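The values are calculated or read from the model by the stated rules, or taken from the named source; none is laboratory data. Note that the coordinates shown come from a computational prediction; the quantities given were computed from them, not determined experimentally. Note that we place each Cβ from the backbone using ideal geometry, even for glycine, and neighbour counts take in every protein chain shown. Surface areas here come from the heavy atoms of the whole protein model, side chains and all, with no ligands, DNA or RNA. Shrake-Rupley method; radii C 1.70, N 1.55, O 1.52, S 1.80 Å.
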Amino acid sequence: MDPVESYISALSPISQPLLDWYFSSHRCLPWREAPTPYRVWVSEIMLQQTRVQAVIPYYERFLSLFPDVQALAAAPQEQLLKAWEGLGYYSRARNLQKAAQIICERFGGRFPQTYDGWLSLPGVGPYTAGAVCSIALGQPVPAVDGNVLRVFSRLLALDADMGAPPVKREMTRLAASILPGQFPGEFNQALMELGATVCLPLKSPLCDSCPLSGHCRAFSEGNQAFFPLKSPKKPRKIQPITIFLLHNQGRWALVQRPFSGLLAGLWEFPHADGTLDPIQSAAYLADWVRLAGQPKPLDPAVHIFTHLEWHMTGWEWEVEKVLPPCPFTWGEPEQIQQSYPIPSAFSPFFPFLL
């Protein structure tokens, strides 16, 4: 027997209690007000890898700057990335704009009306396409994210790696099979809401508050804290770098990153690979600036990316003279703060901007 068939029979009864709970208990979030395709799409892209409470102010500011797909498509990329500053995973913003430009240029500003149409856009995967189609367009399409996978893993006490692609595909089939014809968007949001607010990760699920505890196999067996099962992650690579805070006549040095790869096209403080002492640092900078006096050491900092850790040390230095051709851009603190998108990795070194 297809395992999904047995799962369907186990989960078919959850629709009504889950919807009843959602209608009475869901959080009031800005993207749930007037859930148009644009508003839902922007929210779902922002919510990837980012907590709801962190997203809300970004979302509201983003919509004030780019109120529709035409405004997003036409925005200067520097303005777009500055609006995204601090959210991380900047490729999301670039893909959002690429998709907006496709919608405007190829489709006359009209949003796709089908799942496959949404899936064809840059940065839109199965989950996002399902979320927009169900929430904004009312179509019976599943939207399975990490919250939904965790809920299913506990309801069914699944002894399987929920991050494995074949398991995700099975769970998406399952979600599609139990999706009610009425309120498909609300049902998808209810599953996500349950995972985000009640069926919490690790050992902290709030089972006494769960509307589905009577249908949950893990809860009945008392082992809900063991789910979901996941394969261990590979250790992150550690990369030491030395940051240079260089100032000259009230201006500070920035450099733009390459337009491909990690943090593509964003601005950053000059830095070098490795942990450099003052003598090594001065030698590294000698082709571009003449330094004055002794440097001030910066407090060490660590920034964690998905597969990489930056272990940062650094030096603050006064620059006596800029030597052409210098690759650095020089800006006053207010100008940098307003105009240059700088990744949050460098936030420990921002005190001069305050």
| Scope region 191-216; condition farther than 19 Å from W21 by Cα and either open to solvent by less than 20 Å² (accessible area, probe 1.4 Å) or in contact with a helix residue (DSSP H, G or I) (Cβ under 6 Å, 6 or more places away or on another chain) (or both); matching residues | K203
| Failed criterion for W41 (all others in (1) in contact with a Pro (Cβ under 6 Å, 6 or more places away or on another chain); (2) outside any loop (DSSP other than H, G, I, E, B); (3) modelled with pLDDT of 95 or more hold) | (1)
| task | Six or more apart or on different chains, Cβ under 6 Å: which pairs go from a residue in region 227-242 that's within 16 Å of A301 (Cβ to Cβ) to one that's assigned to a strand (DSSP E or B) and open to solvent by 100 Å² or more (accessible area, probe 1.4 Å)? Could you list them? | result | I241/D273
| note | Given (1) open to solvent by 30 Å² or more (accessible area, probe 1.4 Å); (2) in contact with a Leu (Cβ under 9 Å, 6 or more places away or on another chain), A253 misses just (1)
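So is R154 basic (K, R) and either within 23 Å of the chain's Cα centre (by Cα) or surrounded by 20 or more Cβ atoms within 10 Å (Cβ to Cβ) (or both) or not?
Numbers: basic (K, R): yes; either within 23 Å of the chain's Cα centre (by Cα) or surrounded by 20 or more Cβ atoms within 10 Å (Cβ to Cβ) (or both): yes.
Yes, satisfied.
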| field | Members of region 261-288 that are hydroxyl-bearing (S, T, Y) and open to solvent by 70 Å² or more (accessible area, probe 1.4 Å) | value | T275, Y284
| request: Give the residue, chosen from T275, T313, that is of a type in the set (S, T, Y), within 30 Å of L80 (Cα to Cα) and over 26 Å from the mean Cα position of the chain (by Cα). | output: T313
| Could you count how many residues in region 20-48 are of a type in the set (A, V, I, L, M) and surrounded by fewer than 18 Cβ atoms within 10 Å (Cβ to Cβ)? | 2
| How many residues does region 272-293 contain that are out of contact with any helix residue (DSSP H, G or I) (no Cβ under 7 Å at 6 or more places or on another chain), without any contact (Cβ under 8 Å) to a residue 40 or more places away in the chain and assigned to a strand (DSSP E or B)? | 4
| task | Mind telling me which of the residues L87, L137, L119 ends up being free of Cβ contacts under 8 Å to residues at least 12 places away in the same chain and within 27 Å of P67 (Cα to Cα)? | result | L119
| field | Of all residues making up region 122-134, the number that are buried (at least 17 other Cβ atoms within 10 Å of the Cβ), of a type outside the set (S, T, N, Q) and either in a helix (DSSP H, G or I) or free of Cβ contacts under 8 Å to residues at least 24 places away in the same chain (or both) | value | 7
| request: Mind listing just one residue for me: the one in region 304-337 that is within 17 Å of E78 (Cβ to Cβ) and without any contact (Cβ under 8 Å) to a residue 24 or more places away in the chain and, of those, most open to solvent (accessible area, probe 1.4 Å)? | output: E334
| Under the condition of being part of a helix (DSSP H, G or I) and of a type in the set (G, A, S), which residue from region 135-151 is least open to solvent (accessible area, probe 1.4 Å)? | A136
| task | For P258, work out the one condition from (1) free of Cβ contacts under 8 Å to residues at least 24 places away in the same chain; (2) open to solvent by less than 30 Å² (accessible area, probe 1.4 Å); (3) under 17 Å from P341 (Cβ atoms) it doesn't fulfil. | result | (2)
| If G265 satisfies every condition in (1) in contact (Cβ under 8 Å) with a residue 24 or more places away in the chain; (2) in a helix (DSSP H, G or I); (3) in contact with a helix residue (DSSP H, G or I) (Cβ under 9 Å, 6 or more places away or on another chain) but one, which is the exception? | (2)
| message | Return the pair list, or none, for Cβ contacts closer than 7 Å from residues in region 36-57 that are among the basic types (K, R) to residues that are in a helix (DSSP H, G or I) and open to solvent by 10 Å² or more (accessible area, probe 1.4 Å), at least 6 apart or on different chains. | response | R39/W31
